[in-house]
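Data first, discussion second: the structure below is written as structure tokens.
A short reminder: the numbers here are calculations on the coordinates, not readings from a lab. Keep in mind that this is a model prediction, so the values were computed, not measured. A quick note on method: Cβ atoms are made from the backbone with ideal geometry, for glycine too, and the neighbour counts reach across all protein chains shown.
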């Protein structure tokens with residue numbers, strides 16, 4: 001790891017600490033729920049978490065860009081851009097389910113160099129750093145070595161698969177797997193990194209939904225691409241295929257694209 005990244009990692013963990021405090025302050029309380037233009041829900045918890053993170057970034061790194069879910073982008077063409085999803089899984093958060101999380105990523109020249117999946121209700125935090133092993137609560141984690149679909153565990157937020165071909169492909173994969181579950185928000189990507197499940201498929205994601213996931217899964221030995229097998233970038237169109245290893249990943253991509 002580039003030694004100059006260490007200060008960013010330490011700072012990102014401070015951001016996650018604050019995100020934990022604010023989001024848990026509102027968790028399982030009575031909340032006023034608004035709808036955004038895309039009809040997705042938003043609460044004061046989402047907004048206040050992102051406001052605090054933005055304030056901390058602006059104070060520490062005023063030349064860095066910020067791309068967040070709830071407010072306008074700041075300096076998006078900067079060399080370093082923080083990508084923030086203050087509460088990934090707002091619907092779960094509102095319903096009192098614990099699988100929501102705070103996603104924090106830092107990109108350099110549009111490529112992710114660190115990512116945090118912070119799940120405060122589970123008290124679990126995955127930290128992925130480019131060219132370094134992923135940790136969960138400071139312990140190194142590894143993806144599963146299961147390389148056969150029929151021995152794999154699968155998760156998806158399948159309600160959001162709008163591409164009919166991708167949806168049918170997802171159904172084919174589900175029918176081949178040992179076990180599947182619908183839902184899980186960012187927590188399911190942490191489960192891939194920890195070797196607990198092998199496959200996650202999603203679609204219609206935005207940059208703040210996926211950028212933090214990439215260093216976490218790749219640093220644990222997994223693979224993340226779009227549904228065509230292409231690398232996921234800040235400009236990707238929103239599909240994600242995350243799997244435990246390259247052999248398994250290739251099988252999944254072949255099913256989707258044949």
Give the angle, between 0 and 90 degrees and rounded to the nearest 10, that separates the Cα long axis of helix 44-60 from the longest principal axis of the Cα atoms of the chain. 70 degrees
Cα-based helix-to-principal-axis angle, 246-257 vs the chain, degrees rounded to 10: 80 degrees
Longest principal axis of the chain (C-alpha) makes with the long axis of helix 6-26 (C-alpha) an angle, in degrees to the nearest 10, of 90 degrees
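Rounded to the nearest 5, what % of the DSSP beta bridges within region 149-257 are antiparallel ones?
50 percent
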From the convex hull of the Cα coordinates of region 3-140, what is the mean projected area in square nanometres? 8.2 nm²
Can you tell me the Rg and the Dmax, both Å, for the Cα atoms in region 149-257? 12.1, 33
Two pseudo-spin positions, 7 Å from Cα along C-beta at residue 122 and at residue 255, lie apart in nanometres by 2.2 nm
GNM on the chain, C-alpha springs below 10 Å: top fluctuator among 238, 222, 115? 238
DSSP-defined antiparallel bridges as percent of all bridges, the chain, nearest 5: 75 percent
Relative contact order (%) - the chain, alpha-carbon pairs under 8 angstrom, separation at least six: 17 percent
Over region 149-257, what is the mean sequence separation of C-alpha contacts under 8 Å (at least six apart), divided by residue count, expressed as relative contact order in percent? 29 percent
Report the percentage of all Cα-Cα pairs in the chain whose separation exceeds 22 Å, rounded to a whole percent. 51 percent
Cβ neighbours within 10 Å, averaged per peptide: list 245-255, 208-218 in order, most packed at the top. 208-218, 245-255
Run the numbers for residue 58 and residue 30: contour at 0.36 nm per residue of separation, minus the present Cα-Cα distance, in nm. 7.0 nm
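How much of the DSSP bridge set in region 1-121 is antiparallel, in percent, rounded to the nearest 5? Intermediate values should be presented prior to the final figure.
Working: 17 of 21 bridges.
Expressed as a percentage, antiparallel bridges in region 1-121 total about 80.
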